[in-house]
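Below is one structure, written out as structure tokens; comments come after it.
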Amino acid sequence: MITTALTFDELSALMKQAAGVTVDARELEKAPDAPFTTLGLDSLGLLGIVGELENRYSVALPTDAERCKTPAEFVGLVNNALATGV
């Protein structure tokens, strides 16, 4: 079982690495329900983040992970998948 959880800091770093979108982690924490589109992240960028997380943690994320609309929704879904291994 994986004991690591995705944080807004890690999500911010992944957004830059996988999608070239620079967003301060504090901004994500202050407005976790801001749509990814307003932060400059599109579905292709989110798909890149999903792929990176799947490789990093050797866990297949749910198929709807790349459809998440907000950082809070995405972090919640990823952390649930990491906790349950599903």
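Where a number appears in this text, it was derived from the coordinates with a stated rule and is not lab data. What you see is a predicted model, and the numbers here were worked out from it, not measured in a lab. Every residue, glycine as well, gets a Cβ built from its backbone with ideal geometry; the counts of neighbours run over all protein chains shown.
For this structure, a couple of remarks:
- Of Ala18, Ala31, Ala72, the one that fluctuates the most in a GNM where the chain has Cα springs shorter than 10 Å: Ala31
- Semi-axis lengths, largest first, of the ellipsoid equivalent to the chain are 19, 13, 12 Å, with √(5λ) applied to each eigenvalue of the Cα gyration tensor.
- Ellipticity estimate at 222 nm from DSSP helix runs (n ≥ 4, -39,500 (n - 2.57)) divided over the chain, nearest 500: -17500 deg cm²/dmol
- The dipole here belongs to the chain: it is taken about the Cα centre, uses +1 on the Cβ of Lys and Arg and -1 on the Cβ of Asp and Glu, and is about 40 debye.
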